[in-house]
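Working notes for the structure below.
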Amino acid sequence: MGVELLTTTRAFRRRLDVTRPVAREDLLDCVRIAVQAPSGSNRQPWRFLIVQDPETKQRIAEYYRKAFAANLTGRAIRPDQLADLSSGRYLAEHIHQVPALVLVCSIGRLPEPAAPPRLASFYGSIYPAVWNFMLALHERGLGSCLTTAHLAYEREVAQLLGIPFDEVTQMAMVPVAALRSGSSASSRRAPAAEVTMWDRWGGA
Ligand SMILES: Cc1cc2nc3c(=O)[nH]c(=O)nc-3n(C[C@H](O)[C@H](O)[C@H](O)COP(=O)(O)O)c2cc1C
């Protein structure tokens, strides 16, 4: 793995090829790589629930679409957000066709009280694994996109999938498909120097 993979792994939506299956062994091998990620006290709280059943995907997609639409209601969209919005809509419309929907879950519920160190440990013990997973997928020609929209219906999706809601939190859903050819140019990001400070806040 190198800089190339790190800088070209994108939120793949339109390039997800919904016509090709994804092998279980590939998914499992990417989970193997995902779980090399760090976690607080090495708790390894992650669980990966991989949904491939068409009917179940359809049900999840309905929740996803509802939540995605609600997110947009009444929101002012900047011109530079239009392309992302259109690709987000595309994914919402096609998400049920994506061969694998990977729900990344964490053992435990959101810590109460939600003090910053506990929150950091809760989310921070999962998202590095999610990103490892996405990098591992991309390295073998699979595409994915980190999504959270369906979490507005976490309870309903938990019920649908038999996830014990009081003990397990859904953290993200990663649709996975083979990647159609196309360019994976590194994306619009602020230059490093613009987002970096030295010695003190604002220090140049
Ligand atoms: C915490 C988080 C939640 C996200 N939720 C969604 C989502 O629900 N749906 C979606 O299409 N993309 C979602 N994304 C993807 C972002 O839109 C994407 O990472 C960002 O626009 C950068 O895209 P790029 O790497 O292709 O430039 C999410 C990303 C993160 C990190």
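For A178, the residues whose amide H sits under 5 Å from its own are D17, R20, G143, ignoring neighbours fewer than 5 places away on the same chain, with H placed 1.01 Å from N. In terms of its Cα atoms, the stretch 69-156 spans 39, 37, 28 Å along the principal axes, sorted from long to short.
Of the chymotrypsin sites (Phe, Trp or Tyr not before Pro) found in the stretch 95-204, the ones in coil according to DSSP and having at most 16 other Cβ atoms within 10 Å of their Cβ are F165, W198, W201. Among the trypsin sites (Lys or Arg not before Pro) in the stretch 111-204, those placed in a DSSP loop whose Cβ has at most 16 other Cβ atoms within 10 Å are R140, R180, R188, R189, R200.
Segment A11..L119, full-extension length gain: 36.4 nm, with 0.36 nm per residue of separation and the alpha-carbon distance subtracted.
Counting 0.36 nm for each residue step from V18 to E139 and taking away their Cα separation leaves a gain of 41.7 nm.
The overall shape of the stretch 16-92, judged from the alpha-carbon gyration tensor, is prolate: a/c is not under 1.5, and a/b is greater than b/c. Remark: the stretch 83-143 carries 40 Å² of accessible area per residue (probe radius 1.4 Å; ligands, DNA and RNA excluded). Computed from backbone phi, the HN-Hα couplings of the stretch 55-63 come to 5, 5, 4, 4, 5, 5, 4, 4, 5 Hz, rounded to whole numbers (Karplus: 6.51 cos²θ - 1.76 cosθ + 1.60, θ = phi - 60°; Gly and Pro given as x). Across the stretch 118-131, rounded Karplus estimates of 3J(HN,Hα) from the backbone phi angles (6.51 cos²θ - 1.76 cosθ + 1.60, θ = phi - 60°) give 6, 5, 4, 5, 5, 6, x, 8, 10, 5, x, 5, 5, 5 Hz, Gly and Pro being marked x. Within the accessible area of the stretch 27-87, the carbon and sulfur atoms contribute 52%, probe 1.4 Å, all protein chains present. Comparing Cα centroids, the stretch 101-132 and the stretch 159-202 end up 13 angstrom apart. If you wrap the chain in the convex hull of its Cα atoms and look at it from every side, the mean projected area works out to 13.6 nm².
The values are calculated or read from the model by the stated rules, or taken from the named source; none is laboratory data. Because the structure is predicted, anything quoted here is derived from the model rather than measured. Here the Cβ is made from the backbone with ideal geometry for all residues, glycine too, and neighbour counts use every protein chain on show. Ligands, DNA and RNA are excluded from the accessible area calculation, which covers all protein heavy atoms including side chains. Shrake-Rupley method; radii C 1.70, N 1.55, O 1.52, S 1.80 Å.
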